[in-house]
Amino acid sequence: MSRRSNDVRRAAFTVEEVVDLTINFYRRNYIEGLFLSSGIFKNADYTMERLVRVARMLRREHNFNGYIHLKAIPGASPELLHEAGLLADRLSVNIEIPSEPSLQKVAPEKNYPDIIKPMNYLAEEKAQYQDAKPKIRKTPLFLPAGQSTQLIVGASPENDLQILHLADNLYQKQKLRRVYYSGYIPIATDNRVPQVKAPPLVRENRVYQADWLMRFYGFSVGEIVTPQNPDLDLEVDPKLSYALRNPQQFPVDINRDDYERILRVPGIGVKSAQKIVSSRQHQRLRLDHLQAIGVVVKRARYFIKCPGIATSPGEQQPSVIRARILALDTPRTSPQMSLFG
Amino acid sequence: MTIYVYDGSFEGLLSTIFQIFTDKVLPINIIDERHCQFGLLDEIRRVDADETRVERVLYGLNQCSDGRAALLVYKMFLSELPRFEMAILCFIKTVMASHENILGNYANPHIAEALRIEKMIGREVHRMHAFVRFQKSVEGIFQAAINPDFNVLPLIGSHFEKRYADQPWLILDTLRHYALYYDLKTTRFLESDDPLLAISPARHDGQWQDEKEDLYQQLWVSYFHAVNIQERRNPKLHLRHMPRRYWRYLIEKC
């Protein structure tokens, strides 16, 4: 947990050092841009001012047009946040602990209102600039890459239902562009947080998959986690899990059904769904076409109707489908997975 | 058993394809005259590049599609894959024969093949945007060497032109022996005998480098290793994003 009482060595750069390193790394194409964070020096405004000064020097004196992501320090003045919004591509305030009571326990000097306040302020400012855009041609860009935050998974007792509802709220109300989830890695021995050895990477991966379903696949949070199933299934991904819980929604007819329904089939991603909808205007699609398009047929076949698929009656049972798909996945030697695995 | 032979240029290939349309034959192969071998029974037809024919092919392609087909053909040409000439011929025939915009039909094998090649090229372009590592020379030119799988140098210039508009830069393809050079005004190709290439990142004695170059390289290498989180080490994923064949010119990996 990032906390000021942690006994770890800290280092500080001067503003000029950060600027010089950034511009020289950028000119050599080592980096895309700058992600700048800071512990609190003296107070919030002093710290925020130093972050803003880095961005200002890069933009004004070095004509730096690369990406800048700054931390918005809770408690910093609106003037500083506003200037940061005009200079940076993205600002983020990290929530870290996904519920107020747990946050109080781990970091008593932090609280939710302090974190949400700058988010709301920045969301309103961005909305105003966006409203002005069609009327005033030279409206400056304000946070073109929006806001983001980070939630730590596994450091406190919140279940996936609570975490995903919080994320959904942040997307809806604070208009966040991204919520990042980070499996908890202990850095200091402390009896207020649990002792775990390996970070919960599989759970982190499942939460990201659920987040993707909310943002790109048209799923509502209530379809992914329910009070009966408050935690994501670690064995299968949340999209497959949804399909197994809702067999009445399937099979989906590849040649007839809407894009939205095709997108819900396990094994069909956004790109494949778009290709299917585009190609079927030209011709009727068969199973071998789906294979060529990039559909993961070994998963999708249980949930679709299309020429070339022969299903025996016994195969329709969710428990049978689940067992078959699990048997197909080669045993993983590493607990880590890719983001889209 | 007709084999068509062209001069190895994009223009030459398109002129040849125009000729094939005129002749109304299906050749067994189209090959680059610089590395051609023939069988005894093959009938050889050599076609010269012709500017008006090239323009007619490109115009026709875009008329029959949403305007993407001509660029797609150019990318297929740059792929240098085995028998890419025949893939281009099949693709052009398919596009010309269709009345609607057939590029949206991923179920057509020739379109799918073209889009598959385009995707491979796109990935390589994306990698080169990320894997170019410039080194500053005493003259203040930022120079880099690359050895991409496909001939993507013609496709990456505009990205670097926009990003580094205020610094002169040079990217050398060490496999194909030519370079792209931006002098603050225009971007142009340099052939391997160009005097500007005499001083290049291919030389390792360090004499050509800016005095601070070595310092920034060291800082970058130590930063690269310091930001790694041990608990999250995932070598398999790392290799997928940064395959070993690209490490040669990556300062942080070699």
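The values are calculated or read from the model by the stated rules, or taken from the named source; none is laboratory data. Since this is a predicted model, take the numbers as computed values, not measurements. Here the Cβ positions follow ideal geometry from the backbone for every residue, glycine too, while neighbour counts run over all protein chains shown.
Kindly provide the set of residues from segment A:283-316 that are of a type in the set (S, T, N, Q) and modelled with pLDDT under 90, ordered by number.
Restricting attention to segment A:283-316, the residues satisfying the condition of being of a type in the set (S, T, N, Q) are A:283, A:291, A:311-312, A:316.
Result: A:T311, A:S312, A:Q316.
For B:E139, the conditions (1) over 21 Å from A:H289 (Cα atoms); (2) crowded, with 21+ Cβ neighbours inside 10 Å all hold with the exception of (2). Residues in segment A:19-44 that are at pLDDT 95 or above and in a helix (DSSP H, G or I): A:V19, A:D20, A:L21, A:T22, A:I23, A:N24, A:F25, A:Y26, A:R27. Residue check: B:A97 meets all listed conditions (1) buried (at least 16 other Cβ atoms within 10 Å of the Cβ); (2) over 27 Å from B:H35 (Cβ atoms); (3) more than 15 Å from the chain's Cα centre (by Cα) but one, namely (1).
When only residues in segment B:125-159 that are within 21 Å of B:Y74 (Cβ to Cβ) and of a type in the set (V, I, T) count, which is nearest to the chain's Cα centre (by Cα)? In this case the residue turns out to be B:V152.
If only residues of segment A:47-66 that are within 11 Å of chain B (Cβ to nearest Cβ) and touching a residue at least 40 places away in the same chain (Cβ under 8 Å) are counted, the one that is nearest to B:V132 (Cα to Cα) is A:G66. Set side by side, the residues B:A112, B:A107 differ, and just one is under 27 Å from B:P27 (Cβ atoms), of a type in the set (A, V, I, L, M) and surrounded by fewer than 21 Cβ atoms within 10 Å (Cβ to Cβ), which is B:A112. Return yes or no: is B:I88 under 23 Å from B:K24 (Cβ atoms) and surrounded by 21 or more Cβ atoms within 10 Å (Cβ to Cβ)? When the stated conditions are applied, B:I88 passes them.
For segment A:206-300, please list each of the helices (runs of 4 or more DSSP H) lying entirely inside it that holds at least 2 residues being within 14 Å of another protein chain (Cβ to nearest Cβ), within 23 Å of A:Q172 (Cβ to Cβ) and free of Cβ contacts under 8 Å to residues at least 24 places away in the same chain. Lay out the reasoning, then the answer.
Working: elements: A:221-224, A:238-245, A:259-262, A:270-279, A:287-293, A:297-300.
In segment A:206-300, no matching helices (runs of 4 or more DSSP H) lie anywhere.
Every listed requirement among (1) buried (at least 18 other Cβ atoms within 10 Å of the Cβ); (2) modelled with pLDDT of 95 or more is met by A:R215 save one, (1). Listed by first and then second residue, the pairs with beta-carbon distance under 8 Å, at least 6 apart or on different chains, first residue in segment B:232-254 and facing chain A (nearest Cβ under 9 Å), second in a helix (DSSP H, G or I) and surrounded by 13 or more Cβ atoms within 10 Å (Cβ to Cβ), are B:R232/A:L201; B:I251/B:Q217; B:I251/B:W220; B:I251/B:V221; B:E252/B:W220; B:E252/B:V221; B:E252/B:F224.
Among the residues that make up segment B:175-185, is at least one of them closer than 23 Å to B:L215 by Cα and in contact with a Pro (Cβ under 8 Å, 6 or more places away or on another chain)? There is no residue in segment B:175-185 that is closer than 23 Å to B:L215 by Cα and in contact with a Pro (Cβ under 8 Å, 6 or more places away or on another chain). Looking at B:L41, is it without any contact (Cβ under 8 Å) to a residue 60 or more places away in the chain, part of a loop (DSSP other than H, G, I, E, B), more than 18 Å from B:P82 (Cβ to Cβ) and hydrophobic (A, V, I, L, M, F, W, C)? Yes: the conditions hold for B:L41.
Where in segment B:82-194 are there helices (runs of 4 or more DSSP H), lying fully within it, with 2 or more residues that are of a type in the set (K, R) and more than 9 Å from every other protein chain (Cβ to nearest Cβ)?
On the way: elements: B:84-97, B:109-131, B:153-163.
Filter on segment B:82-194 gives B:109-131.
Can you confirm whether A:Y242 is surrounded by 18 or more Cβ atoms within 10 Å (Cβ to Cβ), at pLDDT 95 or above and either of a type in the set (D, E, K, R) or under 29 Å from A:P113 (Cα atoms) (or both)? Here the answer is no, as A:Y242 does not meet what is asked.
Report yes if B:I229 is closer than 18 Å to A:R28 by Cβ, within 14 Å of chain A (Cβ to nearest Cβ) and either touching a Gly at 6+ places or on another chain (Cβ under 6 Å) or among the β-branched types (V, I, T) (or both), otherwise no. Spelling it out, it is not the case that B:I229 is closer than 18 Å to A:R28 by Cβ, within 14 Å of chain A (Cβ to nearest Cβ) and either touching a Gly at 6+ places or on another chain (Cβ under 6 Å) or among the β-branched types (V, I, T) (or both). Within segment A:86-118, if we keep just the residues that are in contact (Cβ under 8 Å) with a residue 24 or more places away in the chain and touching an Asp or Glu at 6+ places or on another chain (Cβ under 6 Å), the residue that is farthest from A:F35 (Cα to Cα) turns out to be A:S99. A single entry from A:A44, A:A12 fulfils the requirement of being surrounded by 18 or more Cβ atoms within 10 Å (Cβ to Cβ) and away from every other protein chain (no Cβ under 14 Å): A:A44.
Taking segment A:257-284 as the range and being of a type outside the set (G, A, S), surrounded by fewer than 22 Cβ atoms within 10 Å (Cβ to Cβ) and within 26 Å of A:V320 (Cβ to Cβ) as the test, the residues that pass are A:D257, A:R261. Inspect segment A:120-143 for any residue being in contact with a Pro (Cβ under 7 Å, 6 or more places away or on another chain), at negative phi and of a type in the set (S, T, N, Q) and give the result as yes or no. Looking for residues that are in contact with a Pro (Cβ under 7 Å, 6 or more places away or on another chain), at negative phi and of a type in the set (S, T, N, Q), one finds none in segment A:120-143, hence no.
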